[in-house]
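The values are calculated or read from the model by the stated rules, or taken from the named source; none is laboratory data. Being a predicted model, the structure only gives us computed values, none of them experimental. Quick reminder, even Gly has a Cβ in these numbers, built from the backbone with ideal geometry, and neighbours come from all protein chains shown.
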């Protein structure tokens, strides 16, 4: 019996529960197959229908959606017409699934061990002591160092990496033939991501496990996948062996995905401005709460300067004090020690609004009950004396500048995509005519293609408005793509400041060296990189980012 | 856990001490001289002369500083002596204990009834939000919140006791007499519990891990039993404790209407008759029990939620 997973002409649509009539088509005529032991990657930006395709394989589409055409078979079982009983035995049995955000996929009130009992009992018929022993074996197999301790732990006690390993153990417990992995590493950092991928790769070789790996970031799978399928707007746009797709991408969408994934270092090199800095920090420190013994302050003795028209990167891992630094510069937090001096344009030396912040989570940066228009009016009403007509005009201009359709002004944040909202956040910041823009992980929550578009928008604005920008990020590629200079933050202290080129070729501090060496792009992407630099001779001038094609559907 | 226990127990003691001090001060805050009240409670109708007032206040230690008096009162209270009631000249402690017994059985009956009714209702409507059942349950329970006890009680008496003669109209004699007052008392908790269970089930069913459980092959039913229900009941446990504590002193209306010799009736009578020792003793006991129950609920809640404790290495 073959246990190949075959999806043939799959269609998923919005279904009205009353009329059973098919509405909008979300997945359109998707066909793919995964053989035992094969690693197939399904790549696409958010909203492309990847996850719906995976959920269709389990018969677990969300309410209101349904399969309206095509078939999904695993071995001899037809999923779309199977009975609930057959589905229950296939789920977790023949088909295992890994999810994004592993910690949220465990019941917070049950231990990891208790979770593992379920598939063992349901699919292997093992219970009691034998199930417990089997659970420990599984936890050991996925590389959790202390299986006994891990099995007794509650989900919140595990780190993200440990939780994804435990999730893998849970998926393997039913001895699946096929594994559906839906962005299992997107929430993890690079090092952990590699570990999980290596684990999955080993399982496929040892068990003959077929893997359908879903991701928005082609970088993650380029070194592992046998075949890659590119999905956009609900359809498969391109498919082939990894090297072929990377070397000769056929669709423009694939090319954009690759561009976004690569984020080639920016080519423009300007001499650093001769004028004095627009912003200078001297010995800035910040401590939260009372002084405790052995506890480090969030920021310690930070001295930095930002030149006029410069893009400065602040690089640091989570907990390094990046966000505190950003908030302190804007004035949301008062520094405990040190001085922040602003050297703004003449005539308005004390304008508070001259430094604006762009937040990380665009969905949290807007009041969910206000339309975007109302949110954009707010800063103008508080800070500028304008007539209503002037306000509307200003907002229209800002919307144009960030390339957003003014129709969105009447929408609520929940009806907009992450990319649209991040543009709106930028528009809101621009309304107050800032001289300095601080972007705190402004693109971390977005998928690769959207991220690229937002970064290009920021670069355009920086040039056209002569903005000075501080990019706060943990992402080496973003920093390399955007910044003139880099400051590295570790435990609240600046350990290195260097020009971007120098930093990536010869980092000085050991921590910086570790960061740089971990960020070297993967082997397979080199093919695209090489192809790209050859063709770039033909492209003269700056390519404006394309209009938001796949970014415009409401969430 | 030890830290948690120590912290909660400390709050408990502080709450009881503060409440008891407030109760202790009541006679000083009410108009009139407490000593004259005491004398009047013993010898009715006679003219009170100043010398006997001075004599009594000295013998009772009422000339001592307030704090000394409070500590003496507290010491007596802890040893179980709450003084004599002005009205019946019998020990307050005995009356409070017997009234508390009655109220405890009434409140327990009411809350058991409330849980038994609201649990299935809440689960039913929570699992199928927007369904006909859900809308019916939600509407009826929301209406119950607005029904005052002094209106519901006579109505229930009229239907169940007078018309159908299934139950006694009032009093506290045989086991059936608990039914009507418990039912009246349970109406509002039923409404609140049902909506809490419904919200709990909705939240628990919407959690991301539910989909993961289905993907492991648990049937819809198994998922509900193992992952939805247990998680949805955590918030309800807290609510239950709050209601229990509240009803201990809050069943006044029902107890007065049904002539039940419980805590509410006792406090009501004590206040009406200015029976200060009885009111003091009653309030202190109610407060102490209420605080103890909420503390217990904190412990239970802590036991049910597992999202505490540090990372494993």
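With the requirement that a residue be in contact (Cβ under 8 Å) with a residue 24 or more places away in the chain and either surrounded by 12 or more Cβ atoms within 10 Å (Cβ to Cβ) or part of a helix (DSSP H, G or I) (or both), what does segment B:1-16 give you? Give the derivation first.
To start, the set of residues in segment B:1-16 that are in contact (Cβ under 8 Å) with a residue 24 or more places away in the chain comprises B:1, B:4-5, B:8-9, B:11-12, B:15-16.
Across segment B:1-16, the qualifying residues are B:4, B:5, B:8, B:9, B:11, B:12, B:15, B:16.
With the requirement that a residue be at pLDDT below 80 and outside any loop (DSSP other than H, G, I, E, B), what does segment B:56-79 give you? Outline the logic, then answer.
So in segment B:56-79, the residues at pLDDT below 80 come out as B:56-64.
Correct list: B:56, B:57, B:58, B:59.
Taking the listed residues A:42, A:77, A:61, the one that is more than 20 Å from residue B:220 (Cα to Cα) and under 25 Å from the mean Cα position of the chain (by Cα) is A:42, with no other qualifying. Residues considered: B:234, B:224. Of these, the only one that is within 8 Å of another protein chain (Cβ to nearest Cβ), in contact (Cβ under 8 Å) with a residue 24 or more places away in the chain and surrounded by fewer than 22 Cβ atoms within 10 Å (Cβ to Cβ) is B:234. Is there a residue being surrounded by fewer than 23 Cβ atoms within 10 Å (Cβ to Cβ), touching a helix residue (DSSP H, G or I) at 6+ places or on another chain (Cβ under 8 Å), assigned to a helix (DSSP H, G or I) and within 12 Å of another protein chain (Cβ to nearest Cβ) anywhere in segment A:123-138? Yes: one or more hits.
So that you can scan it fast, the table gives a plain yes or no per residue for (1) within 30 Å of residue B:252 (Cβ to Cβ); (2) over 26 Å from the mean Cα position of the chain (by Cα); (3) exposed (fewer than 13 other Cβ atoms within 10 Å of the Cβ); (4) at pLDDT below 85:
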{"residue": "B:111", "(1), (2), (3), (4)": "yes, no, no, no"}
{"residue": "B:114", "(1), (2), (3), (4)": "yes, no, no, no"}
{"residue": "B:117", "(1), (2), (3), (4)": "yes, no, no, no"}
{"residue": "B:136", "(1), (2), (3), (4)": "no, yes, no, no"}
{"residue": "B:139", "(1), (2), (3), (4)": "yes, yes, yes, no"}
{"residue": "B:142", "(1), (2), (3), (4)": "yes, no, yes, no"}
{"residue": "B:155", "(1), (2), (3), (4)": "yes, no, yes, no"}
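When residue A:85 is tested against (1) free of Cβ contacts under 8 Å to residues at least 60 places away in the same chain; (2) part of a helix (DSSP H, G or I); (3) touching a helix residue (DSSP H, G or I) at 6+ places or on another chain (Cβ under 9 Å), only condition (3) is not met. Of note, residue A:193 does not satisfy the criterion of being surrounded by fewer than 23 Cβ atoms within 10 Å (Cβ to Cβ), more than 10 Å from every other protein chain (Cβ to nearest Cβ) and over 18 Å from residue A:214 (Cα atoms). Of all the criteria given as (1) in a helix (DSSP H, G or I); (2) more than 25 Å from residue B:189 (Cβ to Cβ), the one not satisfied by residue B:82 is (1). The single residue among A:144, A:148 that is within 10 Å of another protein chain (Cβ to nearest Cβ), out of contact with any strand residue (DSSP E or B) (no Cβ under 7 Å at 6 or more places or on another chain), farther than 15 Å from residue A:176 by Cα and touching a residue at least 12 places away in the same chain (Cβ under 8 Å) turns out to be A:144.
Residues being in contact (Cβ under 8 Å) with a residue 40 or more places away in the chain, surrounded by 15 or more Cβ atoms within 10 Å (Cβ to Cβ), more than 25 Å from the chain's Cα centre (by Cα) and within 15 Å of residue A:210 (Cα to Cα) are entirely absent from segment A:9-30. Restricting A:47, A:75 to residues that are away from every other protein chain (no Cβ under 12 Å), in contact (Cβ under 8 Å) with a residue 60 or more places away in the chain, buried (at least 18 other Cβ atoms within 10 Å of the Cβ) and on the phi > 0 side of the Ramachandran plot narrows the list to A:47. Examine segment B:247-268 for a residue that is within 14 Å of chain A (Cβ to nearest Cβ), in a helix (DSSP H, G or I) and touching a helix residue (DSSP H, G or I) at 6+ places or on another chain (Cβ under 9 Å), and state whether such a residue exists. The answer is no; no qualifying residue exists.
Return yes or no: is residue A:54 within 11 Å of chain B (Cβ to nearest Cβ), buried (at least 23 other Cβ atoms within 10 Å of the Cβ) and under 18 Å from residue A:31 (Cβ atoms)?
On the way: within 11 Å of chain B (Cβ to nearest Cβ): yes; buried (at least 23 other Cβ atoms within 10 Å of the Cβ): yes; under 18 Å from residue A:31 (Cβ atoms): yes.
Judged against the criteria, residue A:54 is a match.
Just one of the numbered conditions (1) assigned to a helix (DSSP H, G or I); (2) within 14 Å of chain A (Cβ to nearest Cβ); (3) touching a helix residue (DSSP H, G or I) at 6+ places or on another chain (Cβ under 6 Å) is not true of residue B:293: (2). Evaluating residue A:145 against the criteria (1) at pLDDT 90 or above; (2) not in a helix (DSSP H, G or I) leaves one unmet condition, (1).
Check whether at least one residue in segment B:238-257 is over 17 Å from residue B:189 (Cβ atoms) and crowded, with 23+ Cβ neighbours inside 10 Å, and report yes or no.
Step one: filter segment B:238-257 for residues over 17 Å from residue B:189 (Cβ atoms), giving B:256-257.
Still in the running and crowded, with 23+ Cβ neighbours inside 10 Å: none.
Checked segment B:238-257: no residue is over 17 Å from residue B:189 (Cβ atoms) and crowded, with 23+ Cβ neighbours inside 10 Å.
Given the conditions (1) without any contact (Cβ under 8 Å) to a residue 60 or more places away in the chain; (2) in contact with a helix residue (DSSP H, G or I) (Cβ under 6 Å, 6 or more places away or on another chain); (3) more than 14 Å from chain B (Cβ to nearest Cβ); (4) surrounded by fewer than 21 Cβ atoms within 10 Å (Cβ to Cβ), and given that residue A:66 satisfies all but one, which numbered condition is not satisfied? With (1) without any contact (Cβ under 8 Å) to a residue 60 or more places away in the chain; (2) in contact with a helix residue (DSSP H, G or I) (Cβ under 6 Å, 6 or more places away or on another chain); (3) more than 14 Å from chain B (Cβ to nearest Cβ); (4) surrounded by fewer than 21 Cβ atoms within 10 Å (Cβ to Cβ) applied to residue A:66, the lone miss is (2).
Take the residues of segment B:202-219 that are within 7 Å of another protein chain (Cβ to nearest Cβ) and in a helix (DSSP H, G or I): which is surrounded by the fewest Cβ atoms within 10 Å (Cβ to Cβ)? Step by step, filter segment B:202-219, then rank; the result is B:208.
If you take the residues of segment A:88-112 that are assigned to a helix (DSSP H, G or I) and surrounded by fewer than 19 Cβ atoms within 10 Å (Cβ to Cβ), which of them is farthest from the other protein chains (Cβ to nearest Cβ)?
Here is the first cut: in segment A:88-112, the residues assigned to a helix (DSSP H, G or I) are A:88-90, A:102-105, A:112.
If we keep only those that are surrounded by fewer than 19 Cβ atoms within 10 Å (Cβ to Cβ) too, we end up with A:89, A:104.
Values: A:89: 6, A:104: 4 Å.
Within segment A:88-112, the match that is farthest from the other protein chains (Cβ to nearest Cβ) is A:89.
Can you go through A:155, A:184 and tell me which one is in contact (Cβ under 8 Å) with a residue 40 or more places away in the chain, within 20 Å of the chain's Cα centre (by Cα) and within 14 Å of chain B (Cβ to nearest Cβ)?
Details: A:155 fails: within 20 Å of the chain's Cα centre (by Cα).
Exactly one of A:155, A:184 is in contact (Cβ under 8 Å) with a residue 40 or more places away in the chain, within 20 Å of the chain's Cα centre (by Cα) and within 14 Å of chain B (Cβ to nearest Cβ), namely A:184.
Can you pull out the residues in segment A:205-224 that are touching a strand residue (DSSP E or B) at 6+ places or on another chain (Cβ under 9 Å) and closer than 25 Å to residue A:453 by Cβ? Within segment A:205-224, A:213, A:214, A:215, A:216, A:217, A:218, A:220, A:221, A:222 meet the criteria. Do you know which residues across segment A:260-281 are surrounded by 18 or more Cβ atoms within 10 Å (Cβ to Cβ) and at pLDDT below 75? The answer is A:260, A:261, A:262, A:263.
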